[in-house]
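Q: My structure is below; once you've seen it, I'll send some questions.
Computed from the coordinates by the stated procedures, all read-outs in this text should not be read as laboratory data. This structure is a prediction, so every number in the text was calculated from the model and none was measured. Note that we place each Cβ from the backbone using ideal geometry, even for glycine, and neighbour counts take in every protein chain shown.
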Amino acid sequence: MKRISMVLKGGVISLAFLFMFACSGQNGRDVTKALDEENMGHDASNQADIIFDTLSYDFGTIIEGEMVVCYFDYENQGKGELVITSVEAGCGCTSPDWNREPLKPGEKDQLKIVFNASGRSGSQLKSVTVVSNALTPRLSLTIKANVTNNK
């Protein structure tokens, strides 16, 4: 029991030191920017910048069991190549599909989202997170639908 207490005290002290040093000197934005530049291997002025035409799509009223599709148009408005590394759906009823090839500055593309309304009813709000090497590395897109059982 005494050994467990000493280990716990050591862990708490270590965390306290880590917190003190992590928070000294710079604000979070400066630290994040420095880490982003270091992780990208180049300065931010040559970085990709993903811009979507819209961040949300409303299917309106759909019937339970339908599979509906929408597209989110985006452009690389940065100076480096854009690579979308993953698109994470918040629910199994939402399936994303995207181009995995690098997108050159000025080029446009589309992200496809399929929503499966099987087993759903009422108001639905689903989130899809786009992860890339852009200036804003994580963006959230949303889809909405009102699912009815009326045929």
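Q: Just for the range 115-151: of the residues that are more than 17 Å from the chain's Cα centre (by Cα) and of a type in the set (Val, Ile, Thr), which one is surrounded by the most Cβ atoms within 10 Å (Cβ to Cβ)?
A: Narrowing the range 115-151 to residues more than 17 Å from the chain's Cα centre (by Cα): 115-124, 144-151.
Restricting the remaining residues to those that are of a type in the set (Val, Ile, Thr) gives 147-148.
Working: Val147: 21, Thr148: 14.
Among them, the one singled out is Val147.
Q: Here is a follow-up. Pairs under 6 Å by beta carbon, first residue closer than 23 Å to Asn116 by Cβ in the range 50-61, partner basic (Lys, Arg) and surrounded by 14 or more Cβ atoms within 10 Å (Cβ to Cβ), six or more apart or different chains?
A: Every condition considered, the pairs that remain are Asp58/Lys144.
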